[in-house]
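First comes the structure, then the notes that go with it.
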Amino acid sequence: MSRIRLKTVLEAGLAARLILLGVLSALLIATTGGLLLRRQLHEVVLRSFEQGLAERVERVAAELQAAAVDGMPLDGAATAGEFGRIFSGWYWQLDDGGEPLRSRSLWDSGLDLAAAPPAAAGELRRTAGPRQEPLAGTSRPLALAGRPATLHVFGPVADTDVEMARIDRVLLGLQGAFIAVFTLLTVAQTRIGLAPMRRLQAALSRVRGGQAPRVEGRFGPDLEPLAEEINQVLDRNAQIVERARHHAGNLSHALKKPLALLGAEARKPAVAGTLVQSQVHAMTVLIDRHLARSASGAGNLRWIGVDGTLQSLVALMRQLHAGKALQWQVEAQTGLRWKGESTDLEEMAGNLLDNAGKWAARRVLLRAHGTAQGITLQVEDDGPGLAGEALVQALQRGRRFDEKVEGSGLGLAIVGDIAETYGGSLVLDRSPLGGLRCTLRLG
């Protein structure tokens, strides 16, 4: 049963949980505070009664001891005031081993001490009087003319009980009022506090229903960052979808010419193999290029370690270009991190390193460091390099400058395309080593 109740509480809404926790807190505070206050007030009321009782015990004991010293009859002592009025509510009884002596107020009755068991230290004994009225009192040992005796003094406690009951009713009423007010305040606080959440939910509903492209509105300082993160996700998803549509359209348009040429060639009696091969190669380059561009940046962005990824890529390049015995030098900032898709970073850095390995004579240098906007990667080699118009043409798709070097001429273009999806760029210039320097900046 307890598990079912706990599951019900956990499955309740945020507002219900907040209200429930508020009510439970109010109950705990009101109950604990009420019990402590009740105890203190009861002690104050009882202390007043106990003080009056203690004064009367001292007075009766003194009068009985004085009568014993003077040799006067003890049954005639301590009869003044309330102890001399019949059934006044204040009574004393003396037990000395013989016939008990009683105050005149008891008349011909006695205290039912059997119904008043001995109380703990500091507590009063309870019994009923001659008229069944509630009494509270105490017992005290005495020495009367060398004889041990016990003095019992009791007084009316009905008014004290009534006062304590009234205190209990008042405290119970205050406790109920406190819980009710606190519950109402908790409900109001919850509704007011969760109002920005409801506005955010309504804004998301408008986005889902196509009524708004982004989450718009004011949600307070606590939810504004969340709304901004949601908008960034929506913007990124919209960019991915738009980019995919754009690339699909571009690919469709770009493939029309090679397909038309292949179709025209297929209708001829003799098909030119060289033309077919060139057009197939052109379509392959187009497809690879557009697939790389459409897939980049579409994964889950996460913080990834850059230096570890670069070290792994360099180790792979050493094996790939082992025949050239190149010197691979890495200068990467320790602990460098970048928020993006790990496969995109591997694709970009791998293409740059592979390109440098193909053209380098003896040495390839890789640098990586962080910037205010993101990270910067630089790959340099000591190969022949490029100059002038060739630096611009190197970023064009399928552009190759030496047919003897293996490759499709697509690597640098893919790097530039992927960098654009992250708001970055790829810049080519002359390296101090003598070859090409590729500077990749990523946001």
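The values are calculated or read from the model by the stated rules, or taken from the named source; none is laboratory data. Everything quoted here is computed from the prediction, not taken from an experiment. Note: ideal-geometry Cβ built from the backbone for every residue, glycine included; neighbour counts use all protein chains shown. SASA here: full protein model, heavy atoms, side chains in, ligands and nucleic acids out. Shrake-Rupley method; radii C 1.70, N 1.55, O 1.52, S 1.80 Å.
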Is it fair to say Pro225 is part of a helix (DSSP H, G or I) and closer than 29 Å to Ala26 by Cα? no
How many residues are modelled with pLDDT of 85 or more, in a loop (DSSP other than H, G, I, E, B) and over 57 Å from the mean Cα position of the chain (by Cα) if we restrict to the range 113-127? 0
Please go through the range 143-187 and give me each residue that is among the hydroxyl-bearing types (Ser, Thr, Tyr) and either open to solvent by 80 Å² or more (accessible area, probe 1.4 Å) or in contact with a Lys or Arg (Cβ under 9 Å, 6 or more places away or on another chain) (or both), ordered by number. Thr150
When the range 306-347 is checked residue by residue, the ones that are assigned to a strand (DSSP E or B) and either at pLDDT below 90 or aliphatic (A, V, I, L, M) (or both) are Val330, Ala332, Lys339, Gly340
Matching residues in the range 126-142 - criterion: being more than 17 Å from Phe49 (Cα to Cα) and either open to solvent by 80 Å² or more (accessible area, probe 1.4 Å) or of a type in the set (Val, Ile, Thr) (or both): Arg131, Gln132, Pro141
Give all pairs with beta carbons closer than 6 Å in which a residue from the range 334-355 that is of a type in the set (Phe, Trp, Tyr) meets a residue that is part of a helix (DSSP H, G or I); count only pairs at least 6 apart in sequence or on separate chains. Trp338/Val306
Is it the case that some residue within the range 64-83 is surrounded by 14 or more Cβ atoms within 10 Å (Cβ to Cβ), within 27 Å of Met164 (Cα to Cα) and in contact with a Phe, Trp or Tyr (Cβ under 8 Å, 6 or more places away or on another chain)? yes
Single residue of the range 230-251 satisfying the filter (at pLDDT below 70 and not hydrophobic (A, V, I, L, M, F, W, C)) that is least open to solvent (accessible area, probe 1.4 Å): His247
Failed item in (1) of a type in the set (Asp, Glu); (2) closer than 24 Å to Glu50 by Cβ; (3) without any contact (Cβ under 8 Å) to a residue 12 or more places away in the chain, with Asp112 passing the rest: (3)
How many residues of the range 359-370 are basic (Lys, Arg) and surrounded by 17 or more Cβ atoms within 10 Å (Cβ to Cβ)? The answer is 2
Enumeration of residues in the range 21-44 that are under 25 Å from the mean Cα position of the chain (by Cα) and open to solvent by less than 100 Å² (accessible area, probe 1.4 Å): Gly22, Val23, Leu24, Ser25, Ala26, Leu27, Ile29
Within the range 79-95, take every residue that is free of Cβ contacts under 8 Å to residues at least 40 places away in the same chain and polar (S, T, N, Q) and give me the one that is farthest from Thr127 (Cα to Cα). Thr79
Within the range 212-229, considering residues that are within 24 Å of the chain's Cα centre (by Cα) and open to solvent by 40 Å² or more (accessible area, probe 1.4 Å), the one farthest from Lys339 (Cα to Cα): Arg218
Pick from Gly388, Gly411: which is at pLDDT below 80, more than 53 Å from the chain's Cα centre (by Cα) and of a type outside the set (Val, Ile, Thr)? Gly388
Quick one: in the range 349-385, of everything that is at pLDDT 90 or above, closer than 13 Å to Leu442 by Cβ and outside any strand (DSSP E or B), which residue is farthest from the chain's Cα centre (by Cα)? Leu352
